[in-house]
1. Do any residues in the stretch 289-301 that are under 11 Å from A101 (Cα atoms) have Cβ atoms under 6 Å from those of residues that are of a type in the set (D, E) and not in a strand (DSSP E or B), where the two are at least six apart or on different chains, and which pairs are they?
2. Looking only at residues in the stretch 84-139 that are without any contact (Cβ under 8 Å) to a residue 24 or more places away in the chain and among the hydrophobic types (A, V, I, L, M, F, W, C), which one is surrounded by the fewest Cβ atoms within 10 Å (Cβ to Cβ)?
3. Sort out which residues of the stretch 172-212 are polar (S, T, N, Q) and in contact with a Pro (Cβ under 8 Å, 6 or more places away or on another chain), and write them in order of number.
4. Restrict the check to the stretch 252-262 and report whether at least one residue is basic (K, R) and in contact (Cβ under 8 Å) with a residue 24 or more places away in the chain.
5. Only residues that are crowded, with 24+ Cβ neighbours inside 10 Å, within 27 Å of K301 (Cα to Cα) and either without any contact (Cβ under 8 Å) to a residue 24 or more places away in the chain or not aromatic (F, W, Y) (or both): list them for the stretch 208-223, please.
6. Looking only at the stretch 167-185, which residues are at pLDDT 90 or above and closer than 21 Å to Q112 by Cβ?
7. Among the residues that make up the stretch 151-161, is at least one of them at pLDDT below 95, among the charged types (D, E, K, R) and surrounded by 18 or more Cβ atoms within 10 Å (Cβ to Cβ)?
8. List the number of the failed condition for A131; all other conditions in (1) among the hydrophobic types (A, V, I, L, M, F, W, C); (2) farther than 15 Å from L111 by Cβ; (3) assigned to a strand (DSSP E or B) hold.
Amino acid sequence: MSLRVNVGFAAVATLALAGGAYYWLHGRPNQPPTAIASETPRTITRPAATESSSAPPAQPEVTAKAQPEPSLAAAPKKDPATTSVLPLRPGEILDFTADVAKVSSVATLRLQTAEKRNFQGKSAWHLQAFAHTQNPLRMVFQLDDQFDSYSDASNLASLQYELHLNERGQKVDSIQRMTTTGHEPASRNASQTIVLPGTRDPLGMMQYLRAVDWSKTSQVHGPVYDGHKLYDVRASLAGTSQNVTVPAGDFSTTKIDLRVFADGAEMQDARFSLYLAGDATRTPVLLEAVLPWTTARVGLKSKQ
């Protein structure tokens, strides 16, 4: 298996379960983060991200530019497609194992609902993800990443998104405060990122898909910011009562197909399917990814 396959899969298989957009973040590590807002173009720069590597760290620059297409319309505060109660539980831990092609257990992913708390005067969920590569992949691509999301408790719109990355000895710490105006309060070590109202980060998007009542709607979409760029993620119902087998057992699931758009064009070289348990918790059970050079499967191993 080539290094290109290893690197691409590590980024996707361990991170795509949180929304899919992480793949594109890792594919463009040296570009400045860009968010899109439906306002007059303007730029905000804050010294938020720090990197430690052999190369000089790039200063984060957060840009807002004119709205390019109607598909990135602001998400409503109350989404009629969602259930009245989010299927989230403080302390929930979901452990996954990732396979690529015919190689099993090359990476692990933990999704954790840490707590529900007050964040800058708003009720928010603190969501976390921890990704690690395993041997033999770890011998050529060491990855130990942590992601933190503070998402609005009412609609899971992102309030703050943090990336703490350690990949092949290169470390990056970035804390980005989401804002639609540029005037939301932020800590001294956070940058302000202008986004559309209702924008979610990948962790918030994952939990949002659990909140959708798929018996009443067949498609939802909205802006997702991955810490680098804004995308339009469109999720559509692909089937119900889909039987899947993962390390945690056999599940009857609802299958959701995910399509990712950037700058108005669909990403043609990557496809994702998410399987949610067919019960009240709608636990993410399996994510399948078809990539230009391989396929990946991220399956639930245990739930606490």
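1. From residues that are under 11 Å from A101 (Cα atoms), there are no pairs.
2. Looking at the filtered set, the residue picked out is V85.
3. Here is the first cut: in the stretch 172-212, the ones polar (S, T, N, Q) are 174, 176, 179-181, 187, 189, 191-193, 199, 207.
Those that are polar (S, T, N, Q) and in contact with a Pro (Cβ under 8 Å, 6 or more places away or on another chain): S174, Q176, T180, S191, T193, T199.
4. Initially, the stretch 252-262 is screened for residues basic (K, R), giving 255, 259.
If we keep only those that are in contact (Cβ under 8 Å) with a residue 24 or more places away in the chain as well, we get 259.
Checked the stretch 252-262: at least one residue is basic (K, R) and in contact (Cβ under 8 Å) with a residue 24 or more places away in the chain.
5. Applying the first criterion (crowded, with 24+ Cβ neighbours inside 10 Å) to the stretch 208-223 yields 208, 222-223.
Filter once more, so that each one left must be within 27 Å of K301 (Cα to Cα): 208.
Hits for the stretch 208-223: nothing passes.
6. Scanning the stretch 167-185 gives D173, S174, I175, Q176, M178.
7. No, the conditions are met nowhere in the stretch 151-161.
8. The one condition A131 does not meet is (2).
The values are calculated or read from the model by the stated rules, or taken from the named source; none is laboratory data. Note that the structure is a prediction, hence the values are computed from the model and not measured. Neighbour counts run over all protein chains shown; Cβ positions are idealised from the backbone, glycine included.
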